[in-house]
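No value in this document is a laboratory result; all are computed from the given coordinates. Computed from a predicted model, the values in this text were never measured in an experiment. Virtual Cβ from ideal backbone geometry, glycine too; neighbours counted across all protein chains shown.
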Amino acid sequence: MITIASVDHRLHAPKSELAFGEFVPPYENPRRVDSILSRIAETKLGPVLPPERFGPELIRRVHSAPLLTFLETAWNQWSAHFGKDAPPALPLSWPVGGMRHIEPEGIAGKFAFFALDASTAITPTSWAAVRSAVDVALTAQKRVADGERTAFALCRPPGHHATADNYGGYCFINNAAVAAEAFRQGGARRVAILDVDYHHGNGTQAIFYRRPDVMFVSLHGAPETTYPYFAGYADEAGEGPGEGFNANYPLRHGTKWDAYGAALGHAIQRIENYGPDALVISLGLDTFEKDPISYLKLRSEDYIRIGEAIARLRRPTLFVMEGGYAIEELGLNTVNLLQGFEA
Ligand code: SP5
Ligand code: ZN
């Protein structure tokens, strides 16, 4: 299997993350990619190639102009206000129900307007890393659109929490959504996105919620107890023309392979019935038993079975990296899944 990866992901490496009221070393950090690349080399999974540069057209089909302008200029505006040595930029308030959703002029207000949480810092060079992750996704997508059975987009930072208008959950641009849109623009009539990250892909779901041409199917920790809390319930089925093309499989804390495998079987059947021309996998490995921020209990060998189950769909398949924070085993688990697919 071909992997697309960029060295520019290192440009996004905040010094700290706000978690439960204190600053901790970021869970989402460059060592994640190192772990995966070293396992790819060790197992001779296949070549690792750099991305091509893509223009902003496909990104603009998925995200609003105000969000993109904000992400591109946020650090400059923040540092103009708080100085070049300002700490990584974070929001401190939000426009909740009953308030006005109008973009403020001041930079602190803009952070409040565009961020969906306070865990996702922006540094001087974050935007360059974010753009490289999209290039990684689109380069891998192109290979699959051009006839390869599969490719692995080793994106960092991840993307599935980013909506059309908001960033957060370590995500800025929704790499998987942009890739799905690329398949559509390239002539695929139906695209399915299967999201196996531990966290619900609220961004991807929202982007395609009213569309029948891109089905979103997700297995994730139940929103009653799990970030991002406000999406991911089983009754979220899509809306308007998109009704019937969204499927959520929320799972309780402690879920092991038996219940996970059963839910995955149902999810795969939904996609089989849909009959997509292309499949995008939002590939999170934070369902692992030793993940430091998650509560599912999958074991390393279970990822081989997930890969095998995805392969049974027999569709052109693009893997797009999302979460996974047990860094020591991240490479093993990721490559297990990819090898399960190829077996
Ligand atoms: C792409 C992805 O996996 N994003 C995950 C975003 C998680 N956001 C914060 C969740 C809360 C983390 N709390 C740390 C718990 C330590 N025991
Ligand atoms: Zn996750």
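Is there a residue in region 239-248 that is surrounded by fewer than 20 Cβ atoms within 10 Å (Cβ to Cβ), within 16 Å of ligand 2 (Cβ to nearest atom) and either assigned to a helix (DSSP H, G or I) or without any contact (Cβ under 8 Å) to a residue 40 or more places away in the chain (or both)? The answer is no, given that none of the residues of region 239-248 is surrounded by fewer than 20 Cβ atoms within 10 Å (Cβ to Cβ), within 16 Å of ligand 2 (Cβ to nearest atom) and either assigned to a helix (DSSP H, G or I) or without any contact (Cβ under 8 Å) to a residue 40 or more places away in the chain (or both). A Cβ distance below 6 Å, combined with a sequence gap of six or more or placement on separate chains, defines the contacts here; from region 26-51, residues that are on the phi > 0 side of the Ramachandran plot reach residues that are aliphatic (A, V, I, L, M) in the pairs GLY46/MET1; GLY46/ILE2. The number of residues in region 2-34 that are within 16 Å of ligand 2 (Cβ to nearest atom) and either outside any loop (DSSP other than H, G, I, E, B) or charged (D, E, K, R) (or both) comes to 5. Restricting attention to region 214-232, the residues that are in a loop (DSSP other than H, G, I, E, B) and in contact with a helix residue (DSSP H, G or I) (Cβ under 6 Å, 6 or more places away or on another chain) add up to 2. For region 174-188, the criterion of a residue being over 30 Å from ALA5 (Cβ atoms) and basic (Lys, Arg) is satisfied by no position. Reported count of residues in region 178-232, each being among the aromatic types (Phe, Trp, Tyr) and within 12 Å of ligand 2 (Cβ to nearest atom), is 2.
One line per residue, one yes/no per condition, for (1) among the charged types (D, E, K, R); (2) in contact with a Pro (Cβ under 7 Å, 6 or more places away or on another chain); (3) in contact (Cβ under 8 Å) with a residue 60 or more places away in the chain:
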residue	(1), (2), (3)
PHE111	no, yes, no
PHE114	no, no, no
THR123	no, yes, yes
TRP127	no, no, no
GLN141	no, no, yes
ALA164	no, no, yes
ASN174	no, no, yes
ARG189	yes, no, yes
